[in-house]
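> Could you have a look at this structure, given as structure tokens, before my questions?
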Ligand SMILES: O=P(O)(O)OC[C@H]1O[C@](O)(CO)[C@@H](O)[C@@H]1O
Ligand SMILES: [Mn+2]
């Protein structure tokens, strides 16, 4: 731990959101994963015969064992199955062990940092699956991610229609109108983050109302609003860039389904408004926090949209496929995103990724988990500056776009947190509030 940084959020604090997540939400997610495997039994048999049935049983028994370890607060055990990140994970487990001063103290579910044990849980789900060939490429969360997409159809159609209309008039917009549109699509992408499936324990959390009409009403719930900085930065790039030179915006993606579409709509707008010339996306290499985007989800969603019988939705799908083909959109994978590390160690743990991010003019970090990793998921006072909480993580100008779902928030005005807490004790964890929090030279 770096000197001067506060303790990590953890299940030690009985009654905290971290505690309740480990006690209730995580076991619920495990139970759901087990149930999903069970329901796919016939499919595994049809595909692989007896071997498929055996694999299903094995995966279920590994997950049941995991749930039992968690519920009885057993020590965190090392990973056994060889995978690209197994050694790094096991080293991290040793590091967590080294932080414990007691003799023979072992990292445990309710004792260790919440960020660590929650990431560990998802990595163990992955281990259970890869230990169970031939179903070792099964994504236990795929179904819920797809359901979220289908249940949000109406709102997505409205969003795609809005984007396509905007594209036909974009040339005629003056600077102020363009800025208004930029702000609108940013806010849609922010509120898209309400729809993750991990907070709801894997239950559906789709977008059923037309989000475009809600943007104005939701404005009072934005606690930190640095949208103006994002505009000045990108508008400046646009005005000063030479012909053929690049303005690159990187988006560290969060959830698939509705949220992903809001991110892609924003990305589309950034290119057609010429606020950016290139967009780079980062997704997860393994199924993560239920709804996080993997490359399969990314491609699946674009394919689905392309095949939609709604004219504008299918146009979006086709345009986006083309952006990828032309290299204006680039998708990146990196194992770092599914490690438990705080971002302040990225330059040491994943220097290649850090170097990649340094090429961006602006990085958007979507979602709550990314915010927890940006700030280290620590008990910061709500008023300490964001820059300080980043503890040296400054690859490029960056902005967190997240709705609040964990008890960490920095950079608030004095008194702001107290005022919120007085009227709403759970203001930090319901996803009702959101932030655009920027760090970078102004
Ligand atoms: O998809 P997001 O916005 O990263 O949110 C995932 C969130 O789910 C939770 O883990 C709940 O378990 C949050 O606390 C966590 O940060
Ligand atoms: Mn997520």
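> In the set 406, 381, which member is over 20 Å from residue 187 (Cβ atoms) and more than 19 Å from the chain's Cα centre (by Cα)?
381
> Considering only region 303-326, how many residues are touching a residue at least 24 places away in the same chain (Cβ under 8 Å) and under 17 Å from residue 283 (Cβ atoms)?
4
> Moving to a separate point now. Report, by residue number, each residue of region 1-22 that is more than 19 Å from residue 373 (Cα to Cα), surrounded by 14 or more Cβ atoms within 10 Å (Cβ to Cβ) and either more than 22 Å from the chain's Cα centre (by Cα) or in contact (Cβ under 8 Å) with a residue 40 or more places away in the chain (or both).
Residues satisfying the conditions are 12, 13.
Yes/no matrix, rows are residues, columns are (1) within 26 Å of the chain's Cα centre (by Cα); (2) modelled with pLDDT of 95 or more; (3) buried (at least 17 other Cβ atoms within 10 Å of the Cβ):
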residue: 49; (1), (2), (3): no, yes, no
residue: 52; (1), (2), (3): no, yes, yes
residue: 55; (1), (2), (3): no, yes, yes
residue: 86; (1), (2), (3): yes, yes, no
residue: 103; (1), (2), (3): no, no, no
residue: 110; (1), (2), (3): yes, yes, yes
residue: 114; (1), (2), (3): yes, yes, yes
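> Additional query: Within the group 99, 93, which residue is farther than 20 Å from residue 30 by Cα and at pLDDT below 95?
Answer to the selection: 99.
> Here's a follow-up. Considering only region 213-311, give the helices (runs of 4 or more DSSP H) lying wholly within it that have at least 3 residues that are touching a strand residue (DSSP E or B) at 6+ places or on another chain (Cβ under 7 Å).
227-240, 258-272
> Ok, one more. If you take the residues of region 246-262 that are away from ligand 1 (no atom under 12 Å from the Cβ) and either at pLDDT below 95 or surrounded by 14 or more Cβ atoms within 10 Å (Cβ to Cβ) (or both), which of them is farthest from the chain's Cα centre (by Cα)?
247
> Now for a different question. Which of the residues belonging to region 416-432 are more than 16 Å from ligand 2 (Cβ to nearest atom), surrounded by 15 or more Cβ atoms within 10 Å (Cβ to Cβ) and within 18 Å of residue 18 (Cβ to Cβ)? Please lay out each step first, then the result.
Of all residues in region 416-432, those more than 16 Å from ligand 2 (Cβ to nearest atom) come to 416-428, 432.
Now restrict to residues that are surrounded by 15 or more Cβ atoms within 10 Å (Cβ to Cβ): 416-417, 420, 427-428, 432.
Scanning region 416-432 gives 417, 427, 428.
> Taking region 69-84 as the search range and keeping residues that are outside any helix (DSSP H, G or I) and in contact with a helix residue (DSSP H, G or I) (Cβ under 7 Å, 6 or more places away or on another chain), which one is surrounded by the most Cβ atoms within 10 Å (Cβ to Cβ)?
76
> Could you go through region 298-312 and let me know if any residue there is within 16 Å of ligand 2 (Cβ to nearest atom) and more than 23 Å from residue 436 (Cα to Cα).
yes
> When you check residue 273 against the structure, is it surrounded by 20 or more Cβ atoms within 10 Å (Cβ to Cβ) and either more than 16 Å from ligand 2 (Cβ to nearest atom) or at pLDDT below 95 (or both), yes or no?
yes
> Only one of these is in a helix (DSSP H, G or I) and over 23 Å from residue 291 (Cβ atoms): 93, 66. Name it.
Answer to the selection: 93.
The values are calculated or read from the model by the stated rules, or taken from the named source; none is laboratory data. Note that the structure is a prediction, hence the values are computed from the model and not measured. As a convention, Cβ positions derive from the backbone with ideal geometry for all residues, glycine included, and neighbour counts pool all protein chains shown.
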